[in-house]
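The next block holds one structure in the form of structure tokens; read it before the comments.
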Amino acid sequence: MKKLPPEIIRQILNDLSPSSLKTIRLCWRFFEPFILPRLFHTIKVNFAEKHIKRLQGIALSPNLAPLVQQLIWITSGTRDTHDDPHGHANTWTGHEDYIKEFRQHFFLSIDAMPNLHTFASELGPPDLDPERDEIDGLVYALWPAMCRPQSRITSLRCQDPLNYMRWLNYECLQATGGLHTELPASFPMRPLLHAKLIDQPGAPMFSMSESYLSGLVSPRPLYISRPPGLVWEEPLRKLLRLDLRADSAGGKWEFSTKGEAMLRYFLTEAINVCEVSVRFRSTGTYSKQTKYSGWVLSTILFCAWKFLHTIKITFGALPSTEYFTLFMTYHEETLKHILLHQCSPNEKIVEIIRVAAKTKKLKLHRFLVFPSYEGRLAVDEPRIIPERLVLDFINNKDPSLDPFNEWMPSKSCNWGTIAQKAASVSEEWPKDDGMHFTCRQCTDRV
């Protein structure tokens, strides 16, 4: 075994479960350089005492601490509970002293992990035992950690971001009316209520309380004039990647203008973001993309980022092409990669490609449509339209190169621009958002 080439060893170990890797490590110590990075790349925690002790143990190890790259905080709950019209986030009532002490150890531990750059929030099983498991980690641990000047977090993977925006809006309104005065320190009321919004240079300015909190949504992307020195903006400004996982069942929030406004405020504060990924999952009896996912996507496509080069969409009902026309126009000089997986309907994808071909300055490096393999028979081979043909059409702006002039995918047709298999839509936080790709034209590996 020791004589095997490293690439062969990695190939063997990649097919094994974490429990198997732990057993192999005990038997053959010479495998540690291959096994430890797999075991400690991602760690999952919550407010339980055993988790902070484990985290401290890893942080104190000079060999293990550098291996940690992602921390996932699991909060007890189910996706179905996130139907509260005011947003749902478990509070820290009765645990204030414990959380304060916990955070001191938590901050010291993550600061000792030099390669930890990704935070993720995740709803875990509703039957976690300790009562403290129900305290929301994003609100009371991850976000306060990101608000510190020494934070190295550049990637945030947030489950149900609209839920948190609705909750924050409600808490701030309560505080404004004097009904609630114990907002978490990392969610100050002032930057949320008093940030100024401008529609475009020279346009009238509206205060947050006059526009966003009253549900005023502009038909064009909003640019935010940020007051200096506010805690709220600093963590978002550091983000280079933003991964969002939204429910496919919107419930009472569906098509809420106030919810849309709050979500857009959150998104546009991440002014330096280069990559945005949004995933939808079927919940309950839902087995296909819903109108709610289309509504969330339309909100995201209204946003404008100065440095955005990649957008990934999984299991979404694509909105009308007007949204994509606007999105591509605002990002035509920076956008290089568009990735779609299990998005519907097929004709909308074709329309998006044709919109891209009409956007004058848009020059794409990759346009990937991943075929669907879930729930299909092995004999149901996807139809592949070579990505090269799609890119030639988009970048040359020549209608005669349209690969869909001769063939149009039907409503139920399974097709793609590559045969590569993407991660299942049911997977929580897959590596590379479930759609791994490389770009030869970009200097860095994507």
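The values are calculated or read from the model by the stated rules, or taken from the named source; none is laboratory data. Predicted model, so just to flag it, every value in this text is computed and none were measured. Neighbour counts run over all protein chains shown; Cβ positions are idealised from the backbone, glycine included.
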Task: Every pair of residues 6+ apart whose Cβ atoms lie under 7 Å, when the first sits in the stretch 35-52 and is touching a residue at least 40 places away in the same chain (Cβ under 8 Å) while the second is among the charged types (D, E, K, R) and buried (at least 18 other Cβ atoms within 10 Å of the Cβ) - done: Asn46/Asp133; Phe47/Arg132; Phe47/Asp133; Ala48/Arg132; Ala48/Asp133
Open item on the list: Where the second residue is of a type in the set (Ser, Thr, Tyr) and modelled with pLDDT of 90 or more and the first is closer than 18 Å to Met435 by Cβ and lies in the stretch 315-338, which pairs have Cβ atoms under 6 Å and are six or more apart or on separate chains?
Closed with: His337/Thr310
Task: Pairs with Cβ under 9 Å, 6+ apart, first in the stretch 353-366 and over 11 Å from Asn396 (Cα atoms), second among the polar types (S, T, N, Q) and surrounded by fewer than 20 Cβ atoms within 10 Å (Cβ to Cβ) - done: Arg354/Thr321; Val355/Thr321; Val355/Thr325; His365/Gln441; Arg366/Thr438; Arg366/Gln441
Open item on the list: Being out of contact with any strand residue (DSSP E or B) (no Cβ under 8 Å at 6 or more places or on another chain) and not acidic (Asp, Glu) is the filter here; which residues of the stretch 332-344 pass it?
Closed with: Thr334
TODO: Kindly provide the set of residues from the stretch 389-406 that are at pLDDT 90 or above and outside any helix (DSSP H, G or I), ordered by number.
DONE: Lys397, Asp398, Asp402, Pro403, Phe404, Asn405
Task: the stretch 386-429, residues that are in contact with a helix residue (DSSP H, G or I) (Cβ under 6 Å, 6 or more places away or on another chain) and small (Gly, Ala, Ser) - done: Ala422, Ala423
TODO: Identify, by number, the condition in (1) under 30 Å from Ser426 (Cβ atoms); (2) in contact with a helix residue (DSSP H, G or I) (Cβ under 7 Å, 6 or more places away or on another chain); (3) modelled with pLDDT under 90 that Glu32 doesn't meet.
DONE: (1)
Task: Qualifying residue in the stretch 427-436 (condition: surrounded by fewer than 18 Cβ atoms within 10 Å (Cβ to Cβ), modelled with pLDDT under 90 and not in a loop (DSSP other than H, G, I, E, B)) - done: yes
